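**Student:** Submitted below is the structure of interest, expressed as structure tokens.
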Amino acid sequence: MKRSIASPLNRRLFLTGSTGTLAGAALALSPGSLSAATPDTLTGSIPSSSGPNTPDGSTVPKGDGRYADLMTGNNQRFVANPDYVRLITTTTDAESALRDAVAQTKKVSIRSGGHCFADFVCNPEIQVILDLSPMTAVYYDKGMRAFAVEPGARIMNVYETLYKNWGVTIPGGICYSVGIGGHISGGGYGLLSRAHGLTVDHLYAVEVVTVAADRTVKTVVATRDDVGDKRDLWWAHTGGGGGNFGLITKYWFRSPGARGASPQKQLIPAPSKVLVSAISLPWDQLDEQKFSRLLTNFGDWHERHRAPGTPEANLSSLFNVSHKAHGSLGMFTQIDSGAPQARAVLEEYLAAILAGVAITPQPVTTANGEIPAVPDFFTPQEIPWLQATRLVGTDNPTITNPTSRGAHKSAYMNKRFSNEQLRVLYQQMTKPGFTNPNTMMVLFSFGGQVNAVEQHATANAQRNSSFKLCLQTFWSDQAEDAYYLGWERDTYEGMFAATGGVPVPGDDTDGCYINYPDTDVAMAEHNRSGVGWQQLYFKDNYPRLQQAKLEWDPTGFFGHRLGIELPAASAEDRAAARR
């Protein structure tokens, strides 16, 4: 049965109390004072954004030695040339920076970790980058009865702080250096999502610095308990994507249904230990029939086990289908060792993937796409959860290389690949003359508890899929951009040729993931489906996101190439006002 995120009309999923009143009262305090008013300083970490040793928010102009480093993120395809970069350290600082940009009518972009797969932050039109990476605090806020996390906090630091101090976590992503700001607003997920849902399923509140119709700047705290416009602002940050409504300066996390006042009871408990398996499947033992059977087996297992609440929902797997130029495919699988039948579920999963395929798995001795070299886990081992999280998240030079160029495309898969899709993928993954080993389709386990939530309960609308894919390739030479982009497009558009080159929401596929943005889907030459990018990413939730845009960014001050648009009438009114 699908559930809704707790709301005033559906209160059985959260503890009733005065937190909504507290959030509202906070708006009457001076900007940024909510953080200072109520924190529990068990970690001593609030301080990163409000302590006496915190640097003032600084402006980095052209000519500054830091400027070149701040012009780009993790993808060197995208480079900006702004007038300046503003490094933001507090909510008050964010307000000041935004007022300056509004007064100067500057086109701004917003950055927390710099991992955006598209040119939303770094492109030649941007005049000011508002960089929130200095805001890194993670702490328990007694007044909100929730864990506060600032947008610049790197995801591994979030895990470590939450787990070491309270034994809790959020079901977030793998890559250690991703900033929490964009990860959460886009509906972030990870290896614990099949057991516990998306990160946004545990989002209680968000603090956003906004620009009103009269171009005044104000800070708003919106919670899951609110009604009306503020409820819409909270909802828009549960999968609507970053850079759309304002500057996110803080998130608060508390799981629906949390009880009592103990911090340890407000979020999901992290596993104490996990069982980990890592296997390599050599390309020299594969032909098209074996390749297709492996991927069919993967899809079949996830179709059968996409429901929540089963022993299998505690298992997550990352299947790195690397190009033949790499030499092997790789699979990393993890399950909470304290979950029911954990070892049996893992063994049955591995057997199901390899069923009918005459191949001899080997240890993962070299990094394989998203998977680091982990030869010791060829035989499944039980290790501490945080150790496993560090292992898979910090030790992969392909994914974390800040000097590379990359292309990325995504799809939610409800059902296994069709025979035609497998034919196209095999053809592209064995293309003669293609020599780049850092090319792959990554298949991520999905479903489970993700699918327990009703699709309109959060802005993240994809709540019925079995697994998710990310097609990606990395290279270093700008002169090779056209070649690799061509390969990427041929592969993706070929696989989804039956639906116009994109994974149209329907029985078999369910659109795209906004945290893996791909501007090709907004172009008619690459998306021939007749279904717009808005529907691919947000489905039927898009009109409500537009309404939130009208409520909280009525002038359209924030935006990017796949940004939430103002409703048509308001856009026409704005154009008329400029004439």
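**Student:** Any residue at all in the stretch 45-63 that's surrounded by fewer than 22 Cβ atoms within 10 Å (Cβ to Cβ), at pLDDT 95 or above and part of a helix (DSSP H, G or I)?
**Tutor:** No, the stretch 45-63 contains no residue that is surrounded by fewer than 22 Cβ atoms within 10 Å (Cβ to Cβ), at pLDDT 95 or above and part of a helix (DSSP H, G or I).
**Student:** Please go through the stretch 373-412 and give me each residue that is touching a Cys at 6+ places or on another chain (Cβ under 8 Å), surrounded by fewer than 22 Cβ atoms within 10 Å (Cβ to Cβ) and hydroxyl-bearing (Ser, Thr, Tyr), ordered by number.
**Tutor:** Thr400
**Student:** Test Arg66 against the criterion of being in a loop (DSSP other than H, G, I, E, B) and modelled with pLDDT of 65 or more, and give yes or no. Before you say what the answer is, go through the steps one by one.
**Tutor:** Values: in a loop (DSSP other than H, G, I, E, B): yes; modelled with pLDDT of 65 or more: yes.
Against the criterion (in a loop (DSSP other than H, G, I, E, B) and modelled with pLDDT of 65 or more), Arg66 qualifies.
**Student:** Still on this model: If I filter the stretch 208-221 for residues that are under 24 Å from Ile170 (Cβ atoms) and not β-branched (Val, Ile, Thr), do I get at least one hit? Before you say what the answer is, go through the steps one by one.
**Tutor:** Narrowing the stretch 208-221 to residues under 24 Å from Ile170 (Cβ atoms): 208-209, 219-221.
Filter once more, keeping what is not β-branched (Val, Ile, Thr): none.
Scanning the stretch 208-221, I find no residue that is under 24 Å from Ile170 (Cβ atoms) and not β-branched (Val, Ile, Thr), so the answer is no.
**Student:** Tell me, which residue of the stretch 99-134 that is more than 25 Å from the chain's Cα centre (by Cα) and of a type in the set (A, V, I, L, M, F, W, C) is nearest to Val60 (Cα to Cα)?
**Tutor:** Ala101
**Student:** Considering only residues that are among the hydroxyl-bearing types (Ser, Thr, Tyr) and farther than 14 Å from Ile279 by Cβ, which ones fall in the stretch 350-406?
**Tutor:** Thr389, Thr394, Thr398, Thr400, Thr403, Ser404
**Student:** Here's something else I'd like to know. If you take the residues in the stretch 322-340 that are under 12 Å from Leu281 (Cβ atoms) and of a type in the set (A, V, I, L, M), which one is surrounded by the most Cβ atoms within 10 Å (Cβ to Cβ)?
**Tutor:** In this case the residue turns out to be Leu329.
**Student:** Test of understanding: among Ala80, Ala137, Ala118, Ala101, which residue is among the aliphatic types (A, V, I, L, M) and within 26 Å of Ala212 (Cβ to Cβ)?
**Tutor:** On the way: Ala80 fails: within 26 Å of Ala212 (Cβ to Cβ); Ala137 fails: within 26 Å of Ala212 (Cβ to Cβ); Ala118 fails: within 26 Å of Ala212 (Cβ to Cβ).
Answer to the selection: Ala101.
**Student:** Quick one: in the stretch 423-478, of everything that is among the charged types (D, E, K, R) and not in a strand (DSSP E or B), which residue is farthest from Gln289 (Cα to Cα)?
**Tutor:** Narrowing the stretch 423-478 to residues among the charged types (D, E, K, R): 423, 431, 454, 463, 468, 477.
So of that shortlist, the ones also not in a strand (DSSP E or B) come out as 423, 431, 454, 463, 477.
On the way: Arg423: 10, Lys431: 16, Glu454: 38, Arg463: 31, Asp477: 35 Å.
Across the stretch 423-478, the extreme among qualifying residues is Glu454.
**Student:** So, one more: All but one of (1) outside any helix (DSSP H, G or I); (2) in contact with a Gly (Cβ under 9 Å, 6 or more places away or on another chain); (3) not aromatic (Phe, Trp, Tyr) hold for Val521; state the number of the condition that does not hold.
**Tutor:** Of the numbered conditions (1) outside any helix (DSSP H, G or I); (2) in contact with a Gly (Cβ under 9 Å, 6 or more places away or on another chain); (3) not aromatic (Phe, Trp, Tyr), the odd one out for Val521 is (1).
**Student:** In addition: For the list (1) crowded, with 21+ Cβ neighbours inside 10 Å; (2) out of contact with any strand residue (DSSP E or B) (no Cβ under 8 Å at 6 or more places or on another chain); (3) of a type outside the set (Phe, Trp, Tyr); (4) in contact (Cβ under 8 Å) with a residue 60 or more places away in the chain, I need the number of the one condition that Asn368 fails.
**Tutor:** With (1) crowded, with 21+ Cβ neighbours inside 10 Å; (2) out of contact with any strand residue (DSSP E or B) (no Cβ under 8 Å at 6 or more places or on another chain); (3) of a type outside the set (Phe, Trp, Tyr); (4) in contact (Cβ under 8 Å) with a residue 60 or more places away in the chain applied to Asn368, the lone miss is (2).
**Student:** Does the stretch 342-358 include one or more residues that are of a type in the set (A, V, I, L, M, F, W, C) and under 24 Å from the mean Cα position of the chain (by Cα)?
**Tutor:** Narrowing the stretch 342-358 to residues of a type in the set (A, V, I, L, M, F, W, C): 342, 344-346, 350-355, 357-358.
Restricting the remaining residues to those that are under 24 Å from the mean Cα position of the chain (by Cα) gives none.
No: zero hits.
**Student:** Another question about this same structure. If you go through the stretch 192-225 one residue at a time, how many are in a loop (DSSP other than H, G, I, E, B) and of a type outside the set (Ser, Thr, Tyr)?
**Tutor:** Here is the first cut: in the stretch 192-225, the ones in a loop (DSSP other than H, G, I, E, B) are 192, 197-198, 212-216, 224-225.
Cutting the leftovers down to of a type outside the set (Ser, Thr, Tyr) gives us 192, 197-198, 212-215, 224-225.
The number of residues fulfilling the criteria is 9.
**Student:** Note down all Cβ pairs under 7 Å where the first residue falls in the stretch 158-182 and is farther than 22 Å from Val450 by Cα, the second is assigned to a strand (DSSP E or B) and hydrophobic (A, V, I, L, M, F, W, C), and they're at least six residues apart or on different chains.
**Tutor:** If the second residue must be assigned to a strand (DSSP E or B) and hydrophobic (A, V, I, L, M, F, W, C), the pairs left are Thr161/Val138.
**Student:** Also: Taking the condition of being buried (at least 16 other Cβ atoms within 10 Å of the Cβ) and either modelled with pLDDT under 95 or assigned to a strand (DSSP E or B) (or both), how many residues in the stretch 270-291 meet it?
**Tutor:** Looking only at that region, the number is 9.
**Student:** Here is a further query. From the list Arg259, Arg306, exactly one residue is surrounded by 22 or more Cβ atoms within 10 Å (Cβ to Cβ), part of a loop (DSSP other than H, G, I, E, B) and basic (Lys, Arg). Which is it? Give the derivation first.
**Tutor:** Details: Arg259 fails: surrounded by 22 or more Cβ atoms within 10 Å (Cβ to Cβ).
Checking each option against the conditions leaves just Arg306.
**Student:** Can you tell me which residue in the stretch 197-211 is nearest to Ala313 (Cα to Cα), limited to those that are crowded, with 24+ Cβ neighbours inside 10 Å and not aliphatic (A, V, I, L, M)?
**Tutor:** In this case the residue turns out to be Gly197.
**Student:** Quick check on my filter: what residues within the stretch 487-513 are on the phi > 0 side of the Ramachandran plot and either buried (at least 23 other Cβ atoms within 10 Å of the Cβ) or at pLDDT below 95 (or both)?
**Tutor:** Correct list: Gly511 only.
**Student:** Report every pair of residues separated by at least 6 positions or lying on different chains whose Cβ atoms are under 9 Å apart, first residue within the stretch 527-547 and without any contact (Cβ under 8 Å) to a residue 40 or more places away in the chain, second of a type in the set (D, E, K, R).
**Tutor:** As it stands, the answer is Asn527/Glu493; Asn527/Asp520; Arg528/Glu493; Trp533/Asp518; Gln534/Glu565; Tyr542/Glu565; Gln546/Glu565, since those pairs meet every condition given.
**Student:** Of the residues in the stretch 100-140, how many are farther than 26 Å from Cys512 by Cα and of a type in the set (A, V, I, L, M)?
**Tutor:** Selection size over the stretch 100-140: 10.
The values are calculated or read from the model by the stated rules, or taken from the named source; none is laboratory data. A quick note: this is a predicted structure, and the numbers were derived from the prediction, not measured. All Cβ positions, even for glycine, are placed from backbone atoms using ideal geometry, and neighbour counts span all protein chains on display.
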